[in-house]
Amino acid sequence: WGENFCPSGGWPERTTAEKPEISLARFREVTMDDAVLAKGLVETFVASMGKCLRDIEASLASGDQELLRRSAHTIVGASANLGAARLEAVAVQMETGAKRGDLDVVRDLLPSLQKRFASACSALDKLL
């Protein structure tokens, strides 16, 4: 069975660090293996996420918690849609911090969010 098998509960959940940057199964499901659709979705994702990242930076500077929450929420949904689980996980933490009004948590997560976004973009490029 191997050392990672849990007799009482089956196989353990994979941690975010063990998950691929992009779930190939989810990406194929969403794009229906259509290259033109995939390219369009990736271009839209990159543009939308770029705007969200700029909005997060601006909202941190201005203290606009609602813009911050909405931007993080948009990243959660878009990353989940394309199967970018690592990006989604950081965005969920950021959205939670924004909902609580904890701008320090959000500020601390921003470099990780930017890194995950860059990694997701790189992984998506390889899929096209």
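The values are calculated or read from the model by the stated rules, or taken from the named source; none is laboratory data. Small disclaimer: the values here were computed from a predicted structure and weren't measured. We place every Cβ from the backbone using ideal geometry, glycine too, and count neighbours over all the protein chains shown. Accessible surface is based on the protein model in full, side chains and every heavy atom, while ligands, DNA and RNA are left aside. Shrake-Rupley method; radii C 1.70, N 1.55, O 1.52, S 1.80 Å.
Structure summary
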quantity	calculated
So A120, is it in contact with a Leu (Cβ under 7 Å, 6 or more places away or on another chain), assigned to a helix (DSSP H, G or I) and buried (at least 23 other Cβ atoms within 10 Å of the Cβ)	yes
Enumeration of residues in segment 38-66 that are farther than 14 Å from A84 by Cβ, open to solvent by 60 Å² or more (accessible area, probe 1.4 Å) and out of contact with any Leu (no Cβ under 8 Å at 6 or more places or on another chain)	E43, A47, K51, R54, A61, S62, D64, E66
Some residue of segment 48-60 being within 23 Å of S23 (Cα to Cα), aliphatic (A, V, I, L, M) and in contact with a Phe, Trp or Tyr (Cβ under 9 Å, 6 or more places away or on another chain)	yes
Residue within segment 33-47 that is basic (K, R) and either without any contact (Cβ under 8 Å) to a residue 40 or more places away in the chain or within 26 Å of D108 (Cβ to Cβ) (or both) present	no
Matching residues, segment 76-85, being in a helix (DSSP H, G or I) and either of a type in the set (A, V, I, L, M) or surrounded by fewer than 22 Cβ atoms within 10 Å (Cβ to Cβ) (or both)	V76, G77, A78, A80, N81, L82, A85
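Here is a yes/no grid of residues against (1) more than 16 Å from A91 (Cα to Cα); (2) at pLDDT below 95:
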| residue | (1), (2) |
| --- | --- |
| E13 | yes, yes |
| E18 | yes, yes |
| I22 | no, no |
| V36 | yes, no |
| L60 | no, no |
| L68 | no, no |
| I75 | no, no |
| A78 | no, no |
